[in-house]
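For reference, the structure is listed below as structure tokens.
Derivation of every value follows stated rules applied to the coordinates shown; laboratory data play no part. Given the structure is predicted, the values throughout are model-derived calculations rather than measurements. Reconstructed Cβ throughout: ideal geometry from the backbone, glycine too, with neighbour counts over all protein chains shown.
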Amino acid sequence: MFQGRPVSVVFPAYNEEASIASAVTDFGSLDVVDEVVVVDNNSRDATARRAEAAGARVVREPRQGYGHALRRGLAEAGGEYVVLAEPDGTFMAKDILKLLAFADDFDLVLGTRTTRELIWHGANMGWQLRWGNWIVAKLLQVLFDGPSLSDCGCTLRLIRRSAVQRLLPRFTVGGAHFLPEMVCLALLERQRLVEVPVNYRNRVGESKITGSMHTALRVGAQMLSLILRYRVLGR
């Protein structure tokens, strides 16, 4: 509980057996966290079994895709505050407290991985990814007359339950470019947003999204296309 309001943590998971148990334990051990929801997105390994053994509530999402998994997690989470995170060791559980510090005043509190001192040695944040995320974030900021944005691809974020209820019916993206869609829709719905610097560490295993340059470029192009579509069409 945080100020009398329940907090849920949602992990999208696809073949994360090497890290899922420690992630569930780390985040679940925080006093403010009431539940950890793991969305098993067709894992072929022991992800679901290890998550349950560590104390998580596991739900299955048969539609393959990062966005589908996160949308299912948002729908399933019962907290007044819902925190999205990764189960791969890249984010630190204690940074939830940074997000919660702004929860009273904002509908979405977004993590940003752009503070050099908080990017750990070995983290997957090379100049291409860092500047690519920054450019897309700034485009989103300018086109939507939004708040200061610097990282469009950071999973770690907090969403108030009221914002989830407004945004969930409007989501369309099931793939890796879901995160900027959330911001686009939040700005169109006049939700209040703010960014908070968070730690970013080396992940366990290989990223399914930014593990190759080809995939990262494709996702970046999808992000740009989505932002321009929402700016022109509003949907």
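Key figures for this structure:
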| item | result |
| --- | --- |
| Whole-Å semi-axes of region 87-186's equivalent ellipsoid (Cα gyration tensor) | 22, 17, 14 |
| Radius of gyration, Dmax [region 40-146; alpha carbons; angstrom] | 16.3, 45 |
| Low-density loop cleavage sites - chymotrypsin sites (Phe, Trp or Tyr not before Pro) in region 104-145, where at most 16 other Cβ are within 10 Å (DSSP) | Trp120 |
| In region 41-92, trypsin sites (Lys or Arg not before Pro) in a DSSP loop with at most 13 other beta-carbon atoms within 10 Å | Arg44, Arg63 |
| Sorted peptide list for 189-202, 80-93, criterion being average Cβ within 10 angstrom, highest first | 80-93, 189-202 |
| Ellipticity estimate at 222 nm from DSSP helix runs (n ≥ 4, -39,500 (n - 2.57)) divided over the chain, nearest 500 | -11500 deg cm²/dmol |
| Sites Arg5 and Leu188, calculated FRET efficiency, Cβ-Cβ separation with R0 30 Å, nearest 0.05 | 0.70 |
| Average projection area in nm² (convex hull over Cα atoms of the chain, one quarter of hull surface) | 11.3 |
